[in-house]
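Okay, structure first, notes after.
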Amino acid sequence: MSIVRNVELAPTTSRNGLATLFPNASRWRVPLSILALCILPWILPSQALAVNVLIYGLVAVGYNLLFGYTGLLSFGHAAFFGAGVYATGIAIGVFGVNWFLAMLIGVAVAGGLAAAMGVLAIRTRGIYFSMVTLALSQLVYYTTVQASSWTGGENGLRGFTVSALAFPGFSLNFLDPLVKYYAIMVVVALALWFVSRVLNSPFGAVIEAIRENETRARACGYNVEQTKLLSFVLSGILCGLAGTLSAMHLSIVPLDSLHYHTSGLIVMMTLLGGAGSFFGPFVGALAFLSMEDIFSLWTSNWQLIVGAIFILFVLYLPKGIWGTLISWGRGR
């Protein structure tokens, strides 16, 4: 029996859970996700929070491709997010590059970094893989600090603003909060469509087979190492794309975007929403950022409250918010 057939029939895949809730779920999950994102700025207290949900949700989508679908736990994805932020900021702020070309540069830098890190990391397994990605990410962090003439060092990169998105014949006022949100949402929607195509392809079935049983996938003749490397690179590219959007949104490049703390946030958002679910990363990003907004008004130690809630989720809702809803729908 082929790997593709096994994966399609596996009860743990998110595709089957969604198929119980909606017929032809894989066909409709992108439009439904976009519809949910379209109404997001109208139900949240601020457009800035909605934009952050878009950006960090996209980061979590990229991480989910590696962790939720391929089964590789990385602690170094801040390197790819930060690479996209810094490359875009330097291209715009230092060289005066057009915003679109700067985004392409940011994505290319993040993808190249992911390829370099992936070649080293995929040779290890389990916790060793996680530790190698963390170590390589910290290497990128300290290299960025030392290259202060380009990156601004500990102060980060400032002094650039994207005020308008110029297109042939017209331009968009990027300083308008709603215009900014929907402009970013278009990029996020294209990324979601791309991820959906990847997951529906034979490659998507193979990475899920590797997650379920790597030994069996290798015995069936698939090049497991090459597949994991490609998944790692695609994950890094998506995180880098989110980084380019963050740079254009904030008009600054904070050093924290490369810190291991950011890697931890990405992991938490993915797990809160539901690893291995298509829309879960955005639910996790919304949950985490909303808790940060609320609890930070009450106390400066809001991380303790969020950490306690995260522990409860790991213990009692291991499938996350969206993953649990899918499971309940499948049960009914």
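The values are calculated or read from the model by the stated rules, or taken from the named source; none is laboratory data. Because the structure is predicted, anything quoted here is derived from the model rather than measured. Glycine also receives a Cβ, built like all others from the backbone with ideal geometry; neighbour counts cover every protein chain displayed. Heavy atoms of the whole protein, side chains included, go into the accessibility calculation; ligands, DNA and RNA do not. Shrake-Rupley method; radii C 1.70, N 1.55, O 1.52, S 1.80 Å.
Between 0 and 90 degrees, the angle of helix 302-316 with respect to the longest Cα principal axis of the chain falls at about 10 degrees. Modelled spin labels at TRP42 and THR215, positioned 7 Å past Cα toward Cβ, are 5.4 nm from each other. Near ALA164, the amide H atoms lying under 5 Å from its own belong to PHE174; only residues 5 or more places off or on other chains count, and H is placed 1.01 Å from N.
Computing FRET efficiency as 1/(1 + (r/R0)^6) for PHE100 and GLN226, where r is the C-beta to C-beta distance and R0 is 35 Å, gives about 0.65. When a 1.4 Å probe is rolled over the protein heavy atoms, the share of accessible surface on segment 120-174 that falls to carbon and sulfur comes to 60 percent.
What is the extension gain from LEU304 to ALA108, computed as 0.36 nm multiplied by their sequence separation minus the C-alpha to C-alpha distance, in nm to one decimal?
Working: separation 196, 0.36 × 196 = 70.56 nm, distance 3.69 nm.
So the extension gain works out to 66.9 nm.
Beyond 25 Å, what percent of the Cα pairs of segment 14-168 remain? Every Cα pair in segment 14-168 considered, those over 25 Å come to 47 percent.
Going by a ≥ b ≥ c, the root eigenvalues of the Cα gyration tensor, does segment 96-164 fall in the rounded group (a/c under 1.5), the prolate group (a/b larger than b/c) or the oblate group?
Values: a/c = 3.38, a/b = 1.73, b/c = 1.95.
Since a/c reaches 1.5 but b/c is at least a/b, the shape of segment 96-164 is classed as oblate.
Short-range pairs are left out: with C-alpha atoms under 8 Å and at least six residues apart, the relative contact order of segment 183-332 is 17 percent. Taking the centroid of alpha carbons for each part, segment 200-274 and segment 44-76 are 10 Å apart. GNM on the chain, alpha-carbon springs under 10 angstrom: the most fluctuating residue among GLY276, GLY57, GLY153 is GLY153.
Counting only alpha carbon atoms, the long axis of helix 47-67 and the longest principal axis of the chain meet at about 40°.
Calculate, for TYR260 and TRP150, the FRET efficiency according to 1/(1 + (r/R0)^6) with r their C-beta to C-beta distance and R0 25 Å; round to the nearest 0.05. Calculated transfer efficiency: 0.70.
Rolling a 1.4 Å probe over the protein heavy atoms gives the chain an accessible area of 46 Å² per residue.
Given R0 = 25 Å, the distance between the Cβ atoms of THR143 and ARG123 translates into a calculated FRET efficiency of 0.70.
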